[in-house]
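The values are calculated or read from the model by the stated rules, or taken from the named source; none is laboratory data. Just so we're clear, the structure is a prediction, and the values are computed from it rather than from any experiment. As a convention, Cβ positions derive from the backbone with ideal geometry for all residues, glycine included, and neighbour counts pool all protein chains shown.
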Amino acid sequence: MGDPLGAEATHGIAASMGGVRTAGDMVLRMQLSHKMRINEAKQYVADKLGLTLEELCDVVTMAEVREDRGFGLGNFEPYAESTIGMEAKFRIAEALDIKINSVERFKERAGLK
């Protein structure tokens, strides 16, 4: 997928999204997987999470939402309890009603599918 920090920097500048500090990672995922334009992707994610666009871009609100829903907090130390990797991807895929390749592959290899 290219440079992982490049996407975060682009969103931080162009879309006022903070990557995994807010919902930029989810918005980017919708843009890439569903070919949505940025405003459409933001609205989709906000609707799915039951938030306003302002809440979606707010670091404090999204930290609470990400922690409560188990979406992971990427801005904490790598081995902290809040950085839960695949669990977070499973929950994001379910919340956004999308397929994430690594989640689908995991399910297949673990015999969950």
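Residues checked against (1) at pLDDT 90 or above; (2) among the acidic types (Asp, Glu); (3) loosely packed, with under 14 Cβ neighbours inside 10 Å; (4) in a loop (DSSP other than H, G, I, E, B):
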| residue | (1), (2), (3), (4) |
| --- | --- |
| Asp25 | no, yes, no, no |
| Glu54 | yes, yes, yes, no |
| Asp68 | yes, yes, yes, no |
| Gly74 | no, no, no, yes |
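Against the list (1) at pLDDT below 70; (2) in a helix (DSSP H, G or I); (3) of a type in the set (S, T, N, Q), the condition Thr61 fails is (1).
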